[in-house]
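First comes the structure, then the notes that go with it.
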Amino acid sequence: MTINSEVESAVGTAHPLDPLSRAEISRAAAILKEGPAAADTFRFGSIELREPGKAELRAGAAVVREADAVLIDRATGAAFEAVVDLDGGLVSSWTQLARGVQPPFMLDEFDECEVNCKKDPRVIEALAKRGLTDLDLVCFEPWSVGWFGEDAQGRRLMRALVFVRDEPDDSPYAHPIENLVVIYDLSSGQVARIDDNEAIPVPAARGNYLPKYVGEARTDLKPISITQPEGASFTVTGNHV
């Protein structure tokens, strides 16, 4: 389908290989939202330039600006690849990916995992038995790592390691909470499993490098000067060097 008039005009570019501009990315998203990705449960993993072929560029003819997009429907767990014609304002290709194939995690999904892990009674209990009751000082580091088992197929799972700070500005990575791993299901918005083994002491040594911990920066450094009196030996036009 064709996009509405609010974002109808295409964005001009200096070179056909220029990355998508902010306006073009917004246009691609709007085209998809008015088409097959209309449901609020769709999330965009990426929207990038679909580069034209070398033959098209050599011919010197006008090149259609296209975007490659990867999406996931959080309601069903299904992932899709799409090609968007930015000049024509339409979705020229829409392909559902095989079950279990998913786009990378998004930044707000990292935040979602941490927020909901801190609400789970099992996680709270596991932390409490280690003497950790101030959840504001606990940090969850979620990634996609390893094999989760047969029941994981088609689910969007994160594997969260757990760390703790001694105070708000402390580096949590110096204090890993060993033998505690949380598996979080982004599809359901709930903790799927907790691997809670023997509680061992959290390392007490710190690894902080802020001035308030290590003191102010040195003031005895000798000056260094790098100059090119006649200017650079190259030119940059847009993204072309």
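Restricting the search to the range 180-190, which residues are outside any strand (DSSP E or B) and either open to solvent by 70 Å² or more (accessible area, probe 1.4 Å) or hydroxyl-bearing (Ser, Thr, Tyr) (or both)?
Within the range 180-190, the subset outside any strand (DSSP E or B) is 186-189.
Of everything in the range 180-190, those that are outside any strand (DSSP E or B) and either open to solvent by 70 Å² or more (accessible area, probe 1.4 Å) or hydroxyl-bearing (Ser, Thr, Tyr) (or both) turn out to be 187, 188.
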**Study point:** Residue list for the range 163-179, restricted to those being of a type in the set (A, V, I, L, M, F, W, C) and either part of a strand (DSSP E or B) or touching a residue at least 40 places away in the same chain (Cβ under 8 Å) (or both)
**Key:** 163, 164, 177
Point to revise | Leading residue by the ranking (farthest from the chain's Cα centre (by Cα)) among those in the range 121-132 that are open to solvent by less than 70 Å² (accessible area, probe 1.4 Å) and touching a residue at least 24 places away in the same chain (Cβ under 8 Å) | key: 130
Point to revise | Every residue from the range 54-72 that is without any contact (Cβ under 8 Å) to a residue 60 or more places away in the chain and closer than 28 Å to residue 33 by Cβ | key: 62, 63, 64, 65, 66, 67, 68, 69, 70, 71
Review point. Does any residue of the range 135-147 turn out to be open to solvent by less than 30 Å² (accessible area, probe 1.4 Å) and in a loop (DSSP other than H, G, I, E, B)?
Key: no
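Do any helices (runs of 4 or more DSSP H) entirely within the range 1-120 hold 1 or more residues that are in contact with a Cys (Cβ under 9 Å, 6 or more places away or on another chain), at pLDDT 95 or above and surrounded by fewer than 16 Cβ atoms within 10 Å (Cβ to Cβ), and if so, which? Spell out how you get there, then give the answer.
Working: elements: 22-33, 54-59, 107-117.
Once the helices (runs of 4 or more DSSP H) in the range 1-120 are filtered for at least 1 residues that are in contact with a Cys (Cβ under 9 Å, 6 or more places away or on another chain), at pLDDT 95 or above and surrounded by fewer than 16 Cβ atoms within 10 Å (Cβ to Cβ), nothing remains.
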Exercise for review: Please indicate, with yes or no, whether at least one residue in the range 128-138 is at pLDDT below 95 and among the hydroxyl-bearing types (Ser, Thr, Tyr).
Suggested key: no
**Study point:** Residues that are surrounded by fewer than 10 Cβ atoms within 10 Å (Cβ to Cβ), free of Cβ contacts under 8 Å to residues at least 24 places away in the same chain and outside any loop (DSSP other than H, G, I, E, B), drawn from the range 191-241
**Key:** 211, 214
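The values are calculated or read from the model by the stated rules, or taken from the named source; none is laboratory data. Keep in mind that this is a model prediction, so the values were computed, not measured. Positions of Cβ are backbone-derived with ideal geometry, glycine not excepted, and every protein chain shown enters the neighbour counts. In case anyone asks, the SASA skips ligands and DNA or RNA and just uses the protein heavy atoms, side chains included. Shrake-Rupley method; radii C 1.70, N 1.55, O 1.52, S 1.80 Å.
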